[in-house]
1. Select, from A:207, A:236, the only residue that is more than 9 Å from every other protein chain (Cβ to nearest Cβ) and over 30 Å from residue A:297 (Cα atoms).
2. Give B:113, B:65 a once-over and let me know the one that is touching a residue at least 60 places away in the same chain (Cβ under 8 Å) and farther than 24 Å from residue B:372 by Cβ.
3. Scan (1) within 30 Å of residue B:163 (Cα to Cα); (2) at pLDDT below 95 for the single condition residue B:250 breaks and write down its number.
4. Under 8 Å between Cβ atoms, at least 6 apart or on separate chains: pull out the pairs that start in segment A:280-293 with a residue that is over 20 Å from residue A:229 (Cα atoms) and without any contact (Cβ under 8 Å) to a residue 24 or more places away in the chain and end on any residue that is assigned to a strand (DSSP E or B) and of a type in the set (Lys, Arg).
5. Tell me, please, whether a residue that is assigned to a strand (DSSP E or B), more than 18 Å from residue B:208 (Cβ to Cβ) and away from chain A (no Cβ under 14 Å) can be found in segment B:265-286.
6. Can you tell me which residues in segment A:354-369 are at the interface with another protein chain (Cβ under 7 Å from one of its Cβ atoms) and in contact (Cβ under 8 Å) with a residue 40 or more places away in the chain?
7. Somewhere in segment B:173-183, is a residue farther than 25 Å from residue B:99 by Cα, small (Gly, Ala, Ser) and surrounded by fewer than 21 Cβ atoms within 10 Å (Cβ to Cβ)?
8. Do you know which residues across segment A:125-154 are of a type in the set (Val, Ile, Thr) and either more than 27 Å from the chain's Cα centre (by Cα) or under 26 Å from residue B:329 (Cβ atoms) (or both)?
Amino acid sequence: MSREELVVQRARKAFQTGKTKPLELVTERKKEIADSLKKDLGKSERCTELFETLGCEGEIRLALQHLSDWAAPRPVEKTLMTLVDQAYVQPQPLGLVLIIGAWNYPWAVTLQPLVGAIAAGNAAIIKPSEVSSHSARAMEELLPLYLDTDLYPVVTGGVSETQELLRQRWDHVFYTGSSSVGRLVMEAAAAHLTPVTLELGGKSPCYIHSDCNIRVAEDHVGKFVNCGQTCISPDYVLCEPSVQSRLLEEVRECIKEFYTENPKGFEDYGRIINQRHFRRIMGLMEGSTVALGGDCDEADCYIGPTVLKDVSADSKVMKEEIFGPVLPIISVSGVDQAIQFISDREKPLVIYVFTEDKKIIQRMIADTSSGALLANDCLVHFTVSTLPFGGVGHSGMGCYKGKHTFDQLSHLRSCLIKSSSLESVNSLRYPPHTQRKINWLRLLLLKQIDLKKLRRFTMITALMGLTAFIVQVTGVHRQTDLDTSEGQVFRAVAKPPQPAAI
Amino acid sequence: IEKLPGLGRTPLLFFISMLAHSSMIQYDTSLLELTGLENEIKLAIDKLSVWAAPRAVERSILTLSDQVYVRPQPLGVVLIIGAWNYPWALTLGPLVGAIAAGNAAVVKPSELSECSSLLLRALLPRYLDKDLYPVVTGGVSETQELLRQRWDHVFYTGSSSVGRLVMEAAAAHLTPVTLELGGKSPCYIHSDCNIRVVARRITWGKFVNCGQTCIAPDYVLCEPSVQNQLIDCIRLTLLEFYGADPKSSPDYGRIINQRHFNRILSLMEGYVPVIGGQSDASQRYIAPTVLRDVPPQSRLMQEEIFGPVLPLVAVSDIDDAIRFINEREKPLALYVFCTDQKGIEKMLEETTSGGVLVNDVLMHYTLSSLPFGGVGHSGMGSYHGKHSFEQLSHMRSCLVRSLAMESVNLSRYPPQDRRRGRIRAYRGWGIGGEPLTQKWSD
C-alpha cells in the first residue's frame with residue numbers, strides 16, 4: 001500500500017471514531033511562518049501578517065464564534081400536509097476532505113479551507129504546494145504540534161505524490177491552483193463521484209472609465225502586491241487612449257511612492273516564486289511595448305514593476321494569466337467595447353471597474369459574468385467573509401470564506417419527521433385512486449404555508465379578540481358600578497322624581 | 001437573458017396543466033409527476049423576483065459605506081439529462097429551475113421512456129422557444145456526443161455508473177454538475193411502532209411505480225419479531241391497494257423494459273418469496289414481492305433493486321441497524337420508523353444520507369423548501385423550489401465602493417511599517433475582524 005493510501009486509511013478510521021466532533025483550532029507561530037514566506041516569495045514580515053496570517057486568524061475567530069449557529073438545524077417552510085411535522089436541514093460532516101494548497105499564499109489558501117473543514121466536522125489531509133517548499137516544510141513541522149496527526153495529517157511531495165493522493169477516494173476535494181490542473185483534479189474525483197471545490201484563476205480585467213480620478217484609482221490597482229502573484233490581481237487594464245497616458249504618469253508616481261526609486265532593494269517588494277515562472281513572465285512581454293519598468297535579475301528572480309502600453313488583444317501577454325508584476329494596458333473606445341472584450345473571453349475570477357458613474361457599474365454587472373465584481377477597488381472583497389469567494393466557468397466552481405466554507409464542506413441533509421398518526425390524511429394517496437382523492441391531495445400539497453405570516457395573523461386575531469373582550473368587560477364593569485353607593489346616588493339623581501300620590 | 005423567465009414560465013404552466021387534465025393520464029401520473037411540477041412552476045412564478053434580487057450581506061467596519069451584496073446570475077447553457085422512471089418530473093423539474101435562473105437549456109429525455117420522450121419532443125416546442133430550450137432525443141451515442149460539448153452546467157438524473165461518466169466528461173470543460181443518482185435506501189423499523197400503519201406507508205412507497213423510484217425504500221431492517229407481523233400487515237395492505245390480483249389493478253404498474261425485467265427476476269433467484277413472486281414476461285409484470293431473512297452479502301443486497309421486490313433483513317437492534325447502514329454507500333434516502341425520540345435522534349446523528357424521513361416514505365420529495373439531493377454515491381448538488389434556482393445560478397459577489405474615503409485605505413499601502421499603518425487599522429479594515437450586523441438597506 002502506498003504512503004498516501006495509508007494516510008487516507010488512518011484518517012478515515014480516525015474520523016469514524018467520532019474524534020472530530022469536539023472542535024479545537026491552531027494558534028499560529030508567526031515568526032516561523034514569516035521566515036518560510038520570506039524564503040519562498042521574498043515576503044516581508046508585515047506583508048505576511050497583512051496578507052496571510054490575519055486572514056487565517058479572522059476565519060478561525062469567526063468559526064469559533066458562529067459554529068453553533070452554522071451547525072444548528074435550519075427549519076424550512078412547510079405545506080398544509082406537513083404543518084405538524086418537523087422539517088429542517090441538518091448540516092453534517094462529509095467525512096474526509098483533501099485540501100491541495102497553492103504556492104502564492106501558501107498559508108492563507110491552505111489553512112483557510114482547513115478551518116472550514118474542521119468546523120464542519122471533517123477529517124482533512126493537507127497537501128501544501130511543493131513549489132513554496134519552505135512553507136510546505138514549515139507546515140509539515142508545525143501543524144502536528146497543534147492538530148491531531150491522524151485527523152489532519154500534512155502530506156508533502158510533488159506531482160506524483162499529488163497524483164497518488166488523487167487516486168484515493170475522498171468525500172470532497174478542495175483545490176486551489178491553475179485551470180489546467182483543476183481539470184485533472186475533477187477528472188480524478190469523477191471516478192469516485194467526489195464533489196470538488198476548484199479555486200482557479202484566469203485573466204481578471206480592470207476597466208478604468210474616463211470619468212474617474214486616475215490618481216486615486218491607480219492607488220487601488222493592487223497589481224504589484226506579492227509581485228502580481230495573486231489569483232485575483234488585476235491582470236490587465238482596459239481604458240480609453242486618453243486615460244492611458246494619464247494612467248502611465250500616475251503609475252510611475254505610485255510605484256515610486258510605494259516601492260521607492262529602487263524596488264529591488266525595498267523590503268515590501270517581493271520576488272517571483274522560481275526561475276521557471278520568471279522565464280515564463282519575461283517571455284510573455286515579447287512583442288509588446290514596455291512603458292515602465294522591465295528591469296529584471298534572473299538570479300534573484302526579480303522583475304521590476306512593469307507596465308506595457310498599447311497592447312494588442314492577440315499579443316503573447318494576453319494569451320495566458322500573467323501572474324507577475326507586468327500590467328498590460330489595452331485601448332478600448334469606451335465601456336461598450338470593454339464589455340465586448342471581456343465577454344469574448346473566459347469568465348474571470350473577478351472583474352474590476354473604476355468609475356463614479358453608477359450606470360456604468362450597473363451595466364458592467366448586468367452584461368458580464370465573473371466570480372466576483374469589485375467597483376473602485378481591488379482585492380479587498382477577499383477580506384469580506386460574508387461574500388462567497390469563488391469563480392465561475394474556467395475560473396472555478398464552488399466558493400468559500402466564513403460560513404460558505406462550512407456549508408461547502410458539509411452535507412446539508414434534509415430531515416422530515418412525521419408522526420405515525422394522521423393516517424387518514426395519508427389514505428388520500430393510497431390506491432385505489434379516485435379523482436376526488438387526488439383533488440384533496442393537490443390542495444394539501446400545493447399550498448405553501450408561510451408560518452411567520454400565519455403566526456402574525458393568529459396573534460393579531462388573538463389581540464383583537466382580547467381587546468374586544470376587555471372592552472366588553474369594562475363596559476359591564478361600568479354597568480356594575482351603578483350598584484355601588486355612587487351608582488345609587490347617580491340612579492336616584494337620574495331617575496325622574498315620581499309624582500306624589502294624590 | 002434575465003427576461004427569459006417571463007417568456008418561458010407561463011406557457012410551461014399551461015403545458016403541464018393540459019397534461020394533468022388530460023383524461024388519458026392515469027391517476028398515479030397526475031399525482032406523482034404533474035402535481036409536483038405544477039407546484040414547482042407556481043412557486044417559481046410567485047417567488048422569482050425574491051430569488052433573483054440582490055442579497056445584502058453583513059458588512060465590516062471599512063465596508064460600512066459600501067454596497068456589499070450577492071447577485072444571482074444565469075450560468076448560460078444548461079444540459080438536462082432526464083430519467084425514465086418519472087420522465088416528466090425529472091426532466092421538466094430541473095428545466096423550471098434553469099428557466100427561472102435565466103439560462104438556456106437543452107433537454108435530453110431518456111430514450112428508455114420512449115413514448116414520453118417523443119411526446120415531449122413534439123409538445124415542448126409549441127410552448128417554449130425552440131432555440132432556447134430545444135429537446136434532443138436519442139440513445140447512448142447521442143448522449144455521449146452531447147456530453148462532449150461545452151456546457152455551463154450539466155444536470156443529470158440516473159444511475160451512479162453513468163453519473164461518473166457524466167462528471168468525467170464535464171471535467172474536460174470545467175463544467176459544474178448536479179448528479180441525482182440512486183442507491184439502496186434503507187428502511188429501519190423499530191419494534192415500538194404501530195406495524196399496521198408502518199406497513200401501509202411502506203407498501204405504498206415501495207410498490208408505487210412498481211418500485212422504480214429513486215427514493216423507494218429499497219430494503220427493510222428490523223428485528224425478527226417485527227418481521228412476522230410486518231409480513232402479515234403488508235399482505236393485508238396489498239389486498240387493500242391492488243386487490244387479489246394486482247395484475248388487473250389499474251393502479252399497479254409494469255417494469256420499463258425486458259432488460260430490467262430480467263435483471264430484477266435474476267436478483268430474486270434462489271429465494272422463496274413470502275408474498276408474491278409471480279411474473280409475466282409478456283407484460284413485464286412482476287407481482288408485489290416480499291422476501292425474508294435476506295443475507296447481507298447476497299446479490300440482492302449489492303445493487304439497487306429498482307423493482308417491486310422488498311427484502312427484509314434481520315438485525316438485532318438499532319445499533320446493529322446503524323452499523324449495517326454505515327458499512328454501505330451513503331444512500332439517497334433513509335427511512336426510520338420509530339416513536340421513541342431518543343431512538344430517532346440516535347439514528348439521525350449516527351448515519352448520513354441525502355435526506356432522511358421519519359415515520360413515512362417518499363414525502364420529503366414533496367416539500368420543495370427541503371433541498372432534494374444525494375451525498376457520496378447517491379449524488380451531488382440538490383434541487384426543488386429555490387434550490388433549483390440557486391443550483392443553476394452563479395452567485396456573484398459584488399462590492400461597490402466609492403473613490404472617496406481614501407485616507408482609510410492608506411494603512412494597506414506599502415511600505416507596511418508602523419509609520420503608515422497600524423495593526424488596529426487593519427483590524428478595523430475587517431481582516432481578522434467581525435462583520436457588523438449592518439444590512440445594505442440600513
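The values are calculated or read from the model by the stated rules, or taken from the named source; none is laboratory data. From a predicted model like this one, the values you see are computed outputs, not experimental measurements. Backbone-built Cβ (ideal geometry, glycine too); neighbour counts: all protein chains shown.
1. On the way: A:236 fails: over 30 Å from residue A:297 (Cα atoms).
Just a single option satisfies the conditions, and that option is A:207.
2. Values: B:113 fails: farther than 24 Å from residue B:372 by Cβ.
None of the other options fit; the residue is B:65.
3. That leaves (1) as the condition not met.
4. A:289/A:309
5. Our first condition is that a residue be assigned to a strand (DSSP E or B); within segment B:265-286, this holds for B:275, B:279-280, B:285-286.
Still in the running and more than 18 Å from residue B:208 (Cβ to Cβ): B:279-280.
In the following step, the residues that additionally are away from chain A (no Cβ under 14 Å) were identified as B:279-280.
Yes, because at least one residue in segment B:265-286 is assigned to a strand (DSSP E or B), more than 18 Å from residue B:208 (Cβ to Cβ) and away from chain A (no Cβ under 14 Å).
6. Initially, segment A:354-369 is screened for residues at the interface with another protein chain (Cβ under 7 Å from one of its Cβ atoms), giving A:356, A:361, A:365, A:369.
A:356, the sole residue that qualifies.
7. Here is the first cut: in segment B:173-183, the residues farther than 25 Å from residue B:99 by Cα are B:182-183.
In the following step, the residues that additionally are small (Gly, Ala, Ser) were identified as B:182-183.
Now restrict to residues that are surrounded by fewer than 21 Cβ atoms within 10 Å (Cβ to Cβ): none.
Scanning segment B:173-183, I find no residue that is farther than 25 Å from residue B:99 by Cα, small (Gly, Ala, Ser) and surrounded by fewer than 21 Cβ atoms within 10 Å (Cβ to Cβ), so the answer is no.
8. A:125, A:149
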